[in-house]
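Engineer: Here you go, one structure.
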Amino acid sequence: MLNPISSVPRVKKNLLLTFDAFGTLFTPRQPIAAQYGEVARRKGIINFTEKDLGRSFKQAFKNMSAAYPNYGRDKPSQKFVLAVKIMNSPSSFFSCEGNLSVSAVFRAEDSPGKAEPNTELLQDMSVATWWEELIIITFLPYSDHRTIESMVPELLHRFSSNEGYRLCSDAELFFQTLRASRELEKVSILDSASKGDPDLLSWLSLWDNIVVGVISNSDDRIATVLESSGVTVGASRFHTKTIDRNGNPDIDFVFTSYNARSEKPNPTMFQAAEDLSIASGIHPGLKIHIGDDYDKDVIGARDAGWVPMLLDREAAESVVLNPSTKSARHSNTDLGKIRLITSLVGLHSFSLEPQTVFYKKWRERD
């Protein structure tokens, strides 16, 4: 009689592993308001506190997102278009907390009375223009338009690079270990372990193929921030048909809500990531997504049929959480559990091994 284990067809053990970006892989070097304030003071703008600037930035972000969803990629809201036609003062942005602003569409110069709607901004907006408008709105209570505009290039560069952001220390160790795992064919595991976390390295070595990606509710600056932080990023993006591994990048693909026109927790980007892996000949036996937002990362990944891991660097230890929301898929299975990790190098803590995953999958087909 055949041993059921030995009769399992040899299937490559493939892992699809994705990360959120902001707060998971990298974080601001200093609070954003502090960095904005630093640049402003060099331009002679001093009549604000960091708290004031933080509040102004938050409101500007809220209003720009309402007027031009998805960093300007989506069409402006009808409410915004109507407001552009009937309002004629940039100061109206700050006149009513929480209401839709249209300050970004005005070029007031030094006289609000001469302000005219900028009809160009009723069309599609680039990411750079979206952030330029947000910067202007943020500083309008504290300076004139020309001075604010002079800060825009520096702030855009800063927050598109490692000048404004830094790679999280555990993310740095993760990528160091990932690179070591890809060198195992050339050197021994003991030699490679000296270049990363040994426990994570042992777990990564279990897999035949590992596809690494980023799934983020953000604009297309993610890749440049990572690249400037020493992480190599492949050319594959949303709508790319196959993975391009030219140069053996640390990250195979980056999917953003800007390019996908869909945000987590919508399963669109998760499904597209799986499709991309399969189209590249790598059928994932296990799909893991790691992020620091429960509603967007955890629920989104779980509802897409993935294994979600919630990153909480302040937690005491890695644990399995009791889900607070039922999932349409895997809600009562081991794969549907929510795992909390305290570090990116701790993703191996839950014994999610390829042998177990594939044997279970084979048995379920009978």
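Engineer: Take region 259-290 and flag every residue that is among the hydroxyl-bearing types (Ser, Thr, Tyr), farther than 18 Å from ARG302 by Cβ and in contact with a Ser or Thr (Cβ under 7 Å, 6 or more places away or on another chain).
Structural biologist: Once the filter is applied, which keeps residues that are among the hydroxyl-bearing types (Ser, Thr, Tyr), farther than 18 Å from ARG302 by Cβ and in contact with a Ser or Thr (Cβ under 7 Å, 6 or more places away or on another chain), region 259-290 yields only SER280.
Engineer: Residues that are at pLDDT 90 or above and within 25 Å of PHE174 (Cα to Cα): find the strands (runs of 3 or more DSSP E) completely inside region 233-340 holding 3 or more of those.
Structural biologist: It comes to 233-237, 251-256, 286-291, 307-311.
Engineer: Report whether or not ILE278 is β-branched (Val, Ile, Thr) and closer than 28 Å to ALA315 by Cα.
Structural biologist: For ILE278, the condition - β-branched (Val, Ile, Thr) and closer than 28 Å to ALA315 by Cα - is not met.
Engineer: Restricting the search to region 122-151, which residues are among the polar types (S, T, N, Q) and in a loop (DSSP other than H, G, I, E, B)?
Structural biologist: Matches in region 122-151: GLN123, SER126, SER143.
Matching residues to (1) polar (S, T, N, Q); (2) at pLDDT 95 or above:
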{"site": "MET1", "(1), (2)": "no, no"}
{"site": "SER6", "(1), (2)": "yes, no"}
{"site": "LYS12", "(1), (2)": "no, no"}
{"site": "LEU16", "(1), (2)": "no, yes"}
{"site": "GLY23", "(1), (2)": "no, yes"}
{"site": "ARG29", "(1), (2)": "no, yes"}
{"site": "GLY37", "(1), (2)": "no, yes"}
{"site": "ARG41", "(1), (2)": "no, yes"}
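Engineer: With the requirement that a residue be more than 22 Å from the chain's Cα centre (by Cα), surrounded by fewer than 20 Cβ atoms within 10 Å (Cβ to Cβ) and of a type outside the set (S, T, N, Q), what does region 124-150 give you?
Structural biologist: Residues satisfying the conditions are ASP124, PRO141, TYR142, ASP144, HIS145, ARG146, GLU149.
Engineer: Separate question: Can you tell me which of (1) under 16 Å from MET125 (Cβ atoms); (2) at pLDDT below 85; (3) assigned to a helix (DSSP H, G or I) is the one LYS79 doesn't meet?
Structural biologist: (1)
Engineer: Could I ask something else about it? Output yes when any residue across region 245-259 is in contact with a Phe, Trp or Tyr (Cβ under 6 Å, 6 or more places away or on another chain) and farther than 18 Å from SER218 by Cα, and no when none is.
Structural biologist: Within region 245-259, one or more residues are in contact with a Phe, Trp or Tyr (Cβ under 6 Å, 6 or more places away or on another chain) and farther than 18 Å from SER218 by Cα.
The values are calculated or read from the model by the stated rules, or taken from the named source; none is laboratory data. Just so you know, these numbers come straight off a predicted model, no measurement behind them. As a convention, Cβ positions derive from the backbone with ideal geometry for all residues, glycine included, and neighbour counts pool all protein chains shown.
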